[in-house]
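Have a look at the structure below before the remarks.
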Amino acid sequence: MAKILILNTGGTIGMTKTEDGYRPDGAWFRDTVGRMDSLKAAGMPAWDFMETVPLLDSSRMSVKEWNKIAGIIAERYDDYAGFVILHGTDTMAYTASALSFMLCGLSKPVILTGSQIPLCEIRSDGRDNLITSMIIAGEGKIREVCIYFGGILLRGNRATKYSADGMQAFVSPNYPPLATAGISIQYHESAFLQRRAEKFVCRRMSDVPIGVLKVFPGIPFRAFEPLLTETLRGLVLETFGSGNIPDDGGVLLPMLEKAKKHGTVVTVCSQCPQATVNVTAYEAGNALAKGGAVSGRDMTTEAAVTKLYYLFSVYDDAEIVKFNMERDVRGELTPRDDL
Ligand code: ASP
């Protein structure tokens with residue numbers, strides 16, 4: 001097996017206990033990983049180790065860190081067969097989605113993993129997550145950004161954190177796993193991303209203003225109107241079911257029209273993890289269609305948010321962004337014809 005790069009960015013896996021709670025401990029983790037015999041056993045790929053500075057609890061990840069991680073992968077792309085990114089679970093699905101968009105024409109595995117229990121603890125799930133991710137990265141069958149966690153390999157931009165307690169922290173409600181790791185690692189090749197003949201290129205992301213609004217019964221839309229300024233480029237609306245929303249006595253439509261005038265791309269996602277948005281299915285979604293909102297189809301909120309960041313980094317024109325929001329760019333949504 002060829003060589004892989006392990007990149008530690010922080011998260012529970014490499015944390016140790018302090019008086020203020022668990023905190024990333026780079027020196028301890030580097031030393032521990034270096035002394036783990038299992039990582040040098042037969043069947044394991046050769047590896048190099050790197051870390052980003054500072055190591056972060058993933059709640060502190062932002063566009064700046066996504067650019068840093070993508071940049072490290074791009075600079076070393078030709079040197080390694082695959083990449084394992086160690087990351088906190090809280091925002092792992094956001095980082096995986098962001099990387100999936102930024103790393104265009106990817107033809108190597110980029111596997112994000114971490115753990116629910118730090119590696120310093122006896123019951124840590126970090127050991128298996130790290131070892132299996134390394135094997136998957138070394139085998140090179142996968143050519144996309146994935147999350148490996150608790151025995152399953154998921155497409156990164158289809159995954160969402162489901163459990164803060166369980167060892168299977170992630171699910172991918174609208175897309176099947178790419179592999180399952182039981183006694184052996186079973187790859188489900190029919191679910192792999194179809195390769196497009198593109199040269200690998202890393203596109204940096206800009207920190208454009210994006211918002212997320214979760215709808216609830218009785219939502220007073222007017223209270224949120226001040227958010228709809230010209231500077232807001234994208235808004236993900238988490239609606240009910242298949243894209244239903246209260247119209248707040250007719251307040252919603254003029255607000256959507258105002259957003260449209262400002263060039264804000266309103267994208268409709270569902271609060272149901274397992275769903276495909278169809279804003280024309282019910283009368284209650286009609287204002288969204290009339291107001292020019294785009295359907296996020298079966299995208300996760302994580303994918304929709306990072307896709308907006310990505311598209312606005314590449315295109316200036318809101319109409320082009322809208323068009324691409326409904327298109328399958330990296331396997332993050334099921335196109336209309338495939339349903
Ligand atoms: N708070 C941690 C983080 O996201 C949780 C974890 O890694 O599981 O960095």
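The values are calculated or read from the model by the stated rules, or taken from the named source; none is laboratory data. The structure presented is a predicted model; accordingly, all values stated were derived computationally and were not measured. Using ideal geometry, Cβ is built from the backbone for each residue, glycine included, and neighbour counts are taken over all protein chains shown. What goes into the accessible areas is simple: the full protein's heavy atoms, side chains included, and nothing from ligands, DNA or RNA. Shrake-Rupley method; radii C 1.70, N 1.55, O 1.52, S 1.80 Å.
Would you say Gly82 is closer than 17 Å to Gly156 by Cβ, in contact (Cβ under 8 Å) with a residue 40 or more places away in the chain and within 13 Å of the ligand (Cβ to nearest atom)?
So Gly82 does not fit the description; no.
Inside segment 145-214, counting only strands (runs of 3 or more DSSP E) that do not spill past its ends, which hold 2 or more residues that are open to solvent by less than 40 Å² (accessible area, probe 1.4 Å)?
145-149, 152-155, 179-181, 210-214
Which of the residues belonging to segment 288-339 are closer than 18 Å to Leu237 by Cβ, assigned to a loop (DSSP other than H, G, I, E, B) and out of contact with any Lys or Arg (no Cβ under 8 Å at 6 or more places or on another chain)?
Ala293, Gly296, Asp298
All but one of (1) open to solvent by 40 Å² or more (accessible area, probe 1.4 Å); (2) modelled with pLDDT under 95; (3) of a type outside the set (Val, Ile, Thr) hold for Pro54, so report the exception by its number.
Only one criterion is unmet by Pro54, namely (2).
What pairs come up if the first residue lies in segment 8-28 and is more than 8 Å from the ligand (Cβ to nearest atom) and among the hydrophobic types (A, V, I, L, M, F, W, C), the second is open to solvent by less than 40 Å² (accessible area, probe 1.4 Å) and outside any loop (DSSP other than H, G, I, E, B), and their beta carbons are under 7 Å apart, counting only those six or more places apart or on different chains?
Short answer, once both residue conditions are applied: Trp28/Thr16.
Looking at the structure I just gave you, is Glu257 more than 17 Å from Val212 (Cα to Cα), open to solvent by 20 Å² or more (accessible area, probe 1.4 Å) and in a helix (DSSP H, G or I)?
Taking the combined requirement at face value, the residue satisfies it.
Consider Ser59 carefully, then state whether it is more than 16 Å from the ligand (Cβ to nearest atom), surrounded by fewer than 15 Cβ atoms within 10 Å (Cβ to Cβ) and small (Gly, Ala, Ser).
Answer is no for this residue.
Within segment 91-129, how many residues are over 16 Å from the mean Cα position of the chain (by Cα) and either part of a loop (DSSP other than H, G, I, E, B) or away from the ligand (no atom under 13 Å from the Cβ) (or both)?
Of the residues in that region, 16 qualify.
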